[in-house]
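First up is the structure itself, then whatever we jot down about it.
Bear in mind these aren't lab numbers, they're just calculated from the coordinates by the rules spelled out. Not measured: the values here are computed from a predicted model. Note that we place each Cβ from the backbone using ideal geometry, even for glycine, and neighbour counts take in every protein chain shown.
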Amino acid sequence: MRKLVILIIMLATGLWAHDLWFAKAQDGSLILRYGHITHAHGGKKNITYNMTNVKEVLGFNQRGEKVNLKVENAYPLKIKNPPYAVMVVFSTGYWTKTVEGEKNLPKDSVEMPLHSWLSYEYVKYINRWSESFKNPLTDKLEVTPLQDITKVKKGDKVTFLVTLNKRPLKGVVVAYNGKPRGMTDEKGRINIRIREKGIQLISATYKEEGDGKKCDEIIHTATLNWEVK
């Protein structure tokens with residue numbers, strides 16, 4: 001029974017999906033990467049993405065207010081002189097599973113569709129800490145730390161909040177570096193122990209019903225990204 005529950009959680013988190021994260025360059029710039037960074041995944045670490053997949057790039061100051069960013073509109077996405085926090089909205093569009101395999105098209109554009117979905121990924125990188133970051137910064141699906149994660153060390157336990165439209169979400173599966181760690185409680189919270197140094201990915205996945213015409217479901221995946229030294 002325990003193995004069945006774990007398998008269901010793994011499937012719910014999209015454990016074999018691609019990772020989306022920020023890597024810090026030597027000059028302090030943030031570079032958006034896509035591929036397989038976590039140990040739970042196999043495959044190529046860095047996968048080239050189309051810049052049209054980047055739907056929105058947001059920057060935030062210490063008060064949690066949006067600020068202008070200096071962004072190079074070329075692959076890979078690079079943010080120079082990043083502020084306190086940044087967020088990217090990323091989507092590869094509609095996908096439909098057919099008898100001939102998966103196609104990057106909406107359900108109503110293929111023959112004999114079996115299942116279709118539209119996915120959105122949101123990755124938030126905290127560059128410098130502010131008490132404002134204990135609250136969600138947007139109305140999107142978001143993972144928020146409830147303590148200063150820039151001071152967190154390997155072995156520490158951290159409480160995270162998962163929200164949509166800035167409201168807590170109960171029963172959402174949360175993964176740490178690609179591995180499911182449980183579900184959020186009634187207050188949308190979950191405690192996770194930091195087990196590794198380096199780039200950290202705390203991810204939550206939430207699904208909602210699609211329009212039935214172009215897709216059967218819409219999958220939202222939010223990732224909180226920072227570095228533990």
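Arrange the following residues from fewest to most other Cβ atoms within 10 Å of their Cβ: THR48, THR92, THR138.
On the way: THR48 9, THR92 16, THR138 20.
Ascending Cβ contact count within 10 Å gives the list THR48, THR92, THR138.
Mean separation of Cα pairs under 8 Å and 6+ residues apart, divided by the residue count of the stretch 2-228: what relative contact order is that in percent? Don't jump to the answer; show the numbers that get you there.
Numbers: 566 pairs, mean separation 41.6, N = 227.
About 18 percent, as a whole number.
Taking springs between alpha-carbon atoms closer than 10 angstrom, which of GLU121, GLU142, GLU209 fluctuates most in the Gaussian network model of the chain?
GLU209
How much length would be gained if the chain were fully extended between LYS207 and LYS153, taking 0.36 nm per residue of separation minus their Cα-Cα distance, in nm to one decimal? Intermediate values should be presented prior to the final figure.
Working: separation 54, 0.36 × 54 = 19.44 nm, distance 3.21 nm.
So the extension gain works out to 16.2 nm.
List the lysines whose Cα lies under 30 Å from the Cα of LYS103, skipping any in the same chain that are fewer than 8 positions away.
LYS44, LYS45, LYS55, LYS78, LYS124, LYS140, LYS179, LYS207, LYS213, LYS214
Quick one: work out the % antiparallel among DSSP beta bridges in the chain, nearest 5.
90 percent
Taking the Cα centroid of the stretch 141-205 and of the stretch 66-106, what is the distance between the two, rounded to the nearest whole Å?
If you average the Cα positions of each part, the centres end up 22 Å apart.
At a 10 Å Cβ-Cβ cut-off, how would you order ARG195, ARG167, fewest neighbours first? Write down the numbers at each step before the final one.
Numbers: ARG195 14, ARG167 10.
By the 10 Å Cβ count, ascending: ARG167, ARG195.
How much length would be gained if the chain were fully extended between LYS229 and LEU69, taking 0.36 nm per residue of separation minus their Cα-Cα distance, in nm to one decimal? Present the calculation step by step, with values, prior to reporting the outcome.
Working: separation 160, 0.36 × 160 = 57.60 nm, distance 2.60 nm.
Full extension from LYS229 to LEU69 adds 55.0 nm.
Using just the helices of the chain, give the 222 nm mean residue ellipticity in deg cm²/dmol: DSSP H runs with n ≥ 4 each add -39,500 (n - 2.57), and the total is spread over all residues, rounded to 500. Could the numbers behind the result be given before it?
On the way: 1 runs with 11 residues, N = 229.
That comes out to -1500 deg cm²/dmol.
If you take Cα extents along the principal axes in Å from the coordinates, which of (1) 51, 41, 37; (2) 47, 40, 30; (3) 52, 47, 33 do you get?
(3)
In which sequence would MET87, MET112, MET183, MET51 go, from the one with the fewest C-beta neighbours within 10 Å to the one with the most? Intermediate results must be reported in sequence, preceding the final value.
Details: MET87 24, MET112 8, MET183 16, MET51 12.
Listed from fewest to most nearby Cβ atoms, that is MET112, MET51, MET183, MET87.
With charges set only on the Cβ (+1 for Lys and Arg, -1 for Asp and Glu), what does the dipole of the chain come to about its Cα centre, in debye to the nearest 20?
On the way: 37 positive and 24 negative charges, 211 e Å.
Approximately 1020 debye in magnitude.
Give me the one-decimal nm value for the distance between modelled label points at VAL99 and GLU111, 7 Å along each residue's Cα-to-Cβ direction.
Using points 7 Å along Cα→Cβ, the separation is 0.9 nm.
Tell me the angle of helix 2-12 to the major Cα principal axis of the chain, expressed in degrees between 0 and 90 and rounded to the nearest ten.
90 degrees
So if each residue of separation counts as 0.36 nm, and I subtract the Cα-Cα distance between LEU146 and GLU186, what length gain in nm does that give?
Working: separation 40, 0.36 × 40 = 14.40 nm, distance 1.58 nm.
Stretched fully, the LEU146-GLU186 segment lengthens by 12.8 nm.
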